[in-house]
Amino acid sequence: MSVLNHNQKVSLRPQLKILLAAPRGFCAGVDRAIQIVEQALEKFGAPVYVRHEIVHNRYVVESLKAKGAIFVKELDEIPETSQPVIFSAHGVAKTIPAAAKSRNMFVLDATCPLVSKVHMEAQRHFEQGRDIILVGHRGHPEVVGTMGQLPDGAIHLIETADEARSYTPRDDNKLAFVTQTTLSLDDTAEIVAVLKSRFPGIASPVKEDICYATTNRQNAVKAIASKVDGLVVVGGPKSSNSLRLVEVGERAGCALSILVERAVDIPWAKFDGLQSVGITAGASAPEIIVEEVVEAFRQRFDVTIDVVTTVEERVVFNVPRELRHRPSA
């Protein structure tokens with residue numbers, strides 16, 4: 001009798017098709033940053049100090065705290081120590097490593113290699129006498145870090161196409177641009193088009209600054225957005241690439257596109273009567289939260305799942321040398 005009742009309950013639940021976007025979740029830079037903290041804890045023991053959130057995801061940060069990581073806003077919060085001090089994946093201004101060196105800190109740099117690439121591009125343009133435009137979002141840690149690679153005034157931040165239209169450089173012929181790695185492809189394309197139209201000689205990145213993972217996750221959302229009634233993006237509210245996925249979903253045809261940090265954040269009333277939902281995750285969101293969200297839908301709907309894969313990712317970034325080689329006994 002209990003089995004029959006269970007089957008009846010299942011059949012009474014509304015049907016829902018879930019399109020699971022792939023790729024989604026952790027990128028190679030985020031995976032590397034988390035590995036750096038975990039391997040530092042394993043090799044050197046707790047505590048390990050981390051300046052700022054290693055990545056923009058509360059679940060990840062809390063998990064690392066539980067293992068012995070101590071997160072600080074600034075280096076002056078760290079006592080005198082020989083324990084590792086880790087810089088986040090977003091990158092830091094040059095003043096930060098200099099301050100750490102002055103205190104003889106043992107630094108492990110978890111800056112994403114693709115962010116470091118932007119830093120090197122900006123440095124090269126500066127050395128060649130160019131004014132530099134950074135396309136990005138004011139206040140984002142990556143933008144703060146990139147602007148902090150060079151003296152004040154060397155980099156001009158542009159956030160919108162209107163700002164690109166009104167910008168006046170010192171010399172039209174000595175101009176370059178770089179971009180934040182986690183932007184919307186479409187937004188950036190509009191700004192870059194304005195800059196190239198106004199300044200045909202502007203130097204651009206040899207290879208696109210927006211990272212492969214940001215591009216791939218946005219394209220994966222575009223592949224499913226017009227086919228679903230709602231889109232759930234798993235990610236933190238401070239995660240730039242996650243917020244961009246919501247915007248991409250809306251523009252690609254899914255008016256109900258929302259960001260959730262955990263399954264408990266899902267506004268279930270908005271999903272009443274829907275027949276299909278897309279699910280993806282920002283580059284700093286762990287797959288375990290995606291599974292949690294899928295399970296929450298299973299509790300309320302009779303779910304079928306299709307995985308929609310747009311590209312296979314095989315990028316891997318090595319951790320720092322200090323973690324790869326264990327000292328001999």
Checklist entry - For Arg198, all conditions in the list (1) crowded, with 20+ Cβ neighbours inside 10 Å; (2) more than 24 Å from Arg244 (Cα to Cα) hold save one; what is the number of the exception? => result (1)
Next on the checklist: Checking Pro47 against (1) within 21 Å of the chain's Cα centre (by Cα); (2) modelled with pLDDT of 95 or more; (3) assigned by TED's automatic domain parsing to the domain that holds Ile86, only one condition comes out false. Which one?
Outcome noted: (1)
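Can you find, within the range 217-255, the residue that is surrounded by the fewest Cβ atoms within 10 Å (Cβ to Cβ) among those that are of a type in the set (Val, Ile, Thr) and outside any loop (DSSP other than H, G, I, E, B)?
Our first condition is that a residue be of a type in the set (Val, Ile, Thr); within the range 217-255, this holds for 221, 224, 228, 232-234, 246, 248.
From what's left, outside any loop (DSSP other than H, G, I, E, B): 221, 224, 232-234, 246, 248.
Details: Val221: 28, Ile224: 26, Val232: 28, Val233: 29, Val234: 31, Val246: 20, Val248: 25.
Across the range 217-255, the extreme among qualifying residues is Val246.
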Checklist entry - Can you name every residue in the range 184-196 that is at pLDDT below 95 and in contact with a strand residue (DSSP E or B) (Cβ under 7 Å, 6 or more places away or on another chain)? => result Thr188
Checklist outcome for this item: Per the filter on the range 263-301, residues on the phi < 0 side of the Ramachandran plot, surrounded by fewer than 14 Cβ atoms within 10 Å (Cβ to Cβ) and not in a helix (DSSP H, G or I) are Pro267, Asp272, Gln275
Checklist entry - Within the group Thr168, Thr214, which residue is assigned to a loop (DSSP other than H, G, I, E, B) and either out of contact with any strand residue (DSSP E or B) (no Cβ under 6 Å at 6 or more places or on another chain) or at positive phi (or both)? => result Thr168
Checklist entry - Do you know which residues across the range 82-91 are touching a strand residue (DSSP E or B) at 6+ places or on another chain (Cβ under 7 Å), of a type outside the set (Phe, Trp, Tyr) and within 17 Å of Ile36 (Cβ to Cβ)? => result Gln83, Pro84, Val85, Ile86, Ser88
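Let's see how each residue does on (1) in contact with a strand residue (DSSP E or B) (Cβ under 7 Å, 6 or more places away or on another chain); (2) outside the structural domain of Asn57 (by TED's automatic domain parsing); (3) of a type outside the set (Gly, Ala, Ser):
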residue	(1), (2), (3)
Ser226	no, yes, no
Gly230	yes, yes, no
Ser240	no, yes, no
Ala255	no, yes, no
Ile258	yes, yes, yes
Asp265	no, yes, yes
Ala269	no, yes, no
Asp272	no, yes, yes
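Condition check ((1) in contact (Cβ under 8 Å) with a residue 24 or more places away in the chain; (2) part of a loop (DSSP other than H, G, I, E, B); (3) buried (at least 22 other Cβ atoms within 10 Å of the Cβ)) across all residues:
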site	(1), (2), (3)
Arg32	yes, no, no
Gln35	yes, no, no
Leu41	yes, no, no
Val50	yes, no, yes
Val55	yes, yes, yes
Val60	yes, no, yes
Item to check | Cβ-Cβ under 9 Å pairs, at least 6 apart or on other chains, the range 290-316 side in contact (Cβ under 8 Å) with a residue 40 or more places away in the chain, far side in a helix (DSSP H, G or I) and among the charged types (D, E, K, R) | outcome: Thr310/Lys222; Val316/Asp31; Val316/Arg32
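Give the residue that is surrounded by the fewest Cβ atoms within 10 Å (Cβ to Cβ), with candidates limited to residues of the range 150-161 that are within 24 Å of Ala99 (Cβ to Cβ) and either touching a residue at least 12 places away in the same chain (Cβ under 8 Å) or not assigned by TED's automatic domain parsing to the domain that holds Leu175 (or both). Break it down stepwise before answering.
Start the filter on the range 150-161 by keeping residues that are within 24 Å of Ala99 (Cβ to Cβ), which leaves 150-155, 157.
Now drop any that are not either touching a residue at least 12 places away in the same chain (Cβ under 8 Å) or not assigned by TED's automatic domain parsing to the domain that holds Leu175 (or both), which leaves 150, 154-155, 157.
Numbers: Leu150: 19, Ala154: 15, Ile155: 23, Leu157: 17.
It comes out as Ala154.
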Next on the checklist: Residues that are closer than 22 Å to Leu243 by Cβ, touching a residue at least 60 places away in the same chain (Cβ under 8 Å) and within 19 Å of the chain's Cα centre (by Cα): does the range 165-179 have at least one?
Outcome noted: yes
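The values are calculated or read from the model by the stated rules, or taken from the named source; none is laboratory data. Since we're looking at a predicted model, the values are computed, not measured. So basically every Cβ, Gly included, is an ideal-geometry build from the backbone, and we count neighbours across all protein chains shown.
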